[in-house]
Amino acid sequence: MSEVIVGVDLGGTNVKTAIVSRDKKILAKDSRPTNAEEGPEAVMDVMEQAIRELTASSGLTLSNVLAAGFGAPGPMNWQTGIVYSPPNLPGWKNVPLADAMKKRLGVPCYVDNDANVACYGEYWLGAGQGTESMAVLTLGTGVGGGVVVFGQLLRGIDGTAAELGHLKVQRDGRLCGCGSRGCLEAYASVTGMVRTAVEGLEAGKESSLRAACAGDWDALTGKMISDAAAQGDSFAQWVFKETATWLGLGIASIVNYQNPEKIVLCGGMIAAGEMLFQPVRETVRANAFEVPVNRCQIVAAGLGADSGVIGCAGCALARYESEH
Ligand SMILES: [Zn+2]
């Protein structure tokens with residue numbers, strides 16, 4: 001009997017599902033709206049239906065499923081599978097996600113936080129394949145972090161480790177979503193990049209972005225900044241370099257602390273290519289020790305937007321195997 005693992009990446013907007021074979025082949029993939037506003041039971045209905053449909057369309061039944069892994073936004077307890085109260089999942093409060101899905105599907109279910117599964121996906125099947133020590137930074141609205149050491153996720157004693165987005169890069173710096181100041185996330189996320197641009201525009205810097213958002217700074221997006229930079233707008237290019245420099249400072253600390261073989265960057269911002277990577281690498285080289293800098297490759301994600309969903313399956317398999 002063929003044995004497969006199901007991965008489900010539960011986001012505030014979309015639920016992504018994948019079926020992966022034990023020998024790491026992606027057999028099927030699916031993405032559908034989360035319907036988050038309808039609350040936890042409705043969201044679990046969406047996930048259950050996606051899994052049932054995807055297994056059936058692959059010629060499989062749930063009896064072929066060895067385990068299912070769910071990547072959810074934190075805060076959560078990865079060991080009990082309880083999701084506390086993620087800001088982008090309205091109505092969720094202490095939802096026993098692993099137990100509830102196990103009841104629905106009759107297969108072992110595991111829950112991990114979304115940044116950790118993205119990291120594990122890149123380690124298992126993406127740009128980090130073949131390494132023993134690596135870290136992932138996902139650059140989006142925030143900066144998510146994950147760390148693999150000795151081939152395992154670094155979880156910490158309470159399961160809260162690897163919050164790389166909240167490394168401090170500035171004393172008394174920008175206010176971060178976590179309530180603290182000067183976190184990497186406040187500068188190197190897409191939101192942080194937009195904030196850097198708005199600060200410059202408010203200070204009177206000339207740029208095509210000024211006309212593009214017609215004085216309404218809320219209309220400014222990361223995509224507009226990277227497009228303007230690619231078209232030669234020197235202010236937009238400066239914003240990108242500034243963002244990359246903050247990111248490089250954070251990565252320099254990771255390189256010094258962890259001595260990883262690779263640091264993998266995920267998220268829409270990496271589409272900017274060398275415009276992002278070159279100043280990141282320069283900053284890391286200028287701020288970290290030579291031996292770990294020479295060791296560490298800073299690379300783009302290998303699985304694109306699928307790091308999370310593939311990682312959900314990989315994580316579930318690793319946890320299932322450690323229990324059986
Ligand atoms: Zn923070």
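The values are calculated or read from the model by the stated rules, or taken from the named source; none is laboratory data. No experiment lies behind these values; they were computed from the predicted model shown. Don't worry about glycine lacking a Cβ; one is built from the backbone with ideal geometry, like all the others, and counts go over all protein chains shown. Please note that ligands, DNA and RNA were not included when accessible areas were found on the heavy atoms of the full protein model with its side chains. Shrake-Rupley method; radii C 1.70, N 1.55, O 1.52, S 1.80 Å.
Give me the residue from the stretch 143-166 that is surrounded by fewer than 24 Cβ atoms within 10 Å (Cβ to Cβ) and more than 25 Å from TYR320 (Cβ to Cβ) and, out of that set, farthest from the ligand (Cβ to nearest atom). Once the filter is applied, the top-ranked residue is GLU163.
Within the bounds of the stretch 167-176, is there any residue that is within 16 Å of the ligand (Cβ to nearest atom), touching a residue at least 60 places away in the same chain (Cβ under 8 Å), assigned by TED's automatic domain parsing to the domain that holds ILE251 and surrounded by 15 or more Cβ atoms within 10 Å (Cβ to Cβ)? Looking through the stretch 167-176, at least one residue is within 16 Å of the ligand (Cβ to nearest atom), touching a residue at least 60 places away in the same chain (Cβ under 8 Å), assigned by TED's automatic domain parsing to the domain that holds ILE251 and surrounded by 15 or more Cβ atoms within 10 Å (Cβ to Cβ).
Scanning the stretch 178-205 for residues that are within 11 Å of the ligand (Cβ to nearest atom) and either closer than 19 Å to LEU220 by Cα or surrounded by 24 or more Cβ atoms within 10 Å (Cβ to Cβ) (or both) returns CYS183, LEU184, GLU185, ALA186, TYR187, SER189, GLY192. Candidates in the stretch 136-188 are the residues that are aliphatic (A, V, I, L, M) and in a loop (DSSP other than H, G, I, E, B); of these, the one that is farthest from THR80 (Cα to Cα) is VAL169.
With the requirement that a residue be of a type in the set (S, T, N, Q) and assigned to a helix (DSSP H, G or I), what does the stretch 207-247 give you? Within the stretch 207-247, SER208, SER226, SER234, GLN237, THR243, THR245 meet the criteria.
With the structure loaded, tell me whether CYS109 is surrounded by fewer than 17 Cβ atoms within 10 Å (Cβ to Cβ) and more than 24 Å from LYS223 (Cα to Cα) or whether it fails that test. Considered against the rule, which asks whether it is surrounded by fewer than 17 Cβ atoms within 10 Å (Cβ to Cβ) and more than 24 Å from LYS223 (Cα to Cα), CYS109 comes out as no.
Selection within the stretch 206-227: residues that are of a type in the set (S, T, N, Q) and more than 23 Å from GLY142 (Cβ to Cβ). The member of this set that is least open to solvent (accessible area, probe 1.4 Å) is SER207.
So that you can scan it fast, the table gives a plain yes or no per residue for (1) over 14 Å from LEU10 (Cβ atoms); (2) in contact (Cβ under 8 Å) with a residue 60 or more places away in the chain:
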site: THR34; (1), (2): no, no
site: GLU41; (1), (2): no, no
site: GLU53; (1), (2): yes, no
site: SER57; (1), (2): yes, no
site: GLY69; (1), (2): no, yes
site: GLY74; (1), (2): no, no
site: PRO90; (1), (2): no, no
site: LEU105; (1), (2): yes, no
site: ALA115; (1), (2): no, no
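Looking only at the stretch 254-262, decide whether some residue is crowded, with 17+ Cβ neighbours inside 10 Å and in contact with a Phe, Trp or Tyr (Cβ under 8 Å, 6 or more places away or on another chain). The answer is yes; a qualifying residue exists.
When each of MET134, MET76 is tested for being under 30 Å from VAL255 (Cα atoms), assigned by TED's automatic domain parsing to the domain that holds ASP45 and among the hydrophobic types (A, V, I, L, M, F, W, C), the lone residue that passes is MET76. Restricting the stretch 235-253 to residues that are crowded, with 20+ Cβ neighbours inside 10 Å and under 20 Å from CYS119 (Cβ atoms) leaves a set whose member that is farthest from the chain's Cα centre (by Cα) is ALA252.
At least 1 residues being open to solvent by 50 Å² or more (accessible area, probe 1.4 Å) is the threshold, and among the strands (runs of 3 or more DSSP E) wholly inside the stretch 1-64 those reaching it are 14-21, 26-33. One residue alone among ALA230, ALA271 is open to solvent by 50 Å² or more (accessible area, probe 1.4 Å), touching a helix residue (DSSP H, G or I) at 6+ places or on another chain (Cβ under 9 Å), under 21 Å from TYR123 (Cα atoms) and not basic (Lys, Arg), and that residue is ALA271. Apart from one condition, MET134 fits all of (1) within 15 Å of TYR257 (Cβ to Cβ); (2) in contact with a Gly (Cβ under 7 Å, 6 or more places away or on another chain); (3) within 16 Å of the ligand (Cβ to nearest atom); the exception is (3). Determine whether the stretch 212-234 contains at least one residue that is without any contact (Cβ under 8 Å) to a residue 24 or more places away in the chain and within 16 Å of the ligand (Cβ to nearest atom). No, the stretch 212-234 has no match at all. If you check VAL299, VAL280, VAL291 for being open to solvent by less than 30 Å² (accessible area, probe 1.4 Å) and among the β-branched types (Val, Ile, Thr), only one passes: VAL280.
Scanning the stretch 78-118 for residues that are in a strand (DSSP E or B) and at pLDDT 95 or above turns up ILE82, VAL83, VAL95, PRO96, CYS109, TYR110, VAL111, ASP112.
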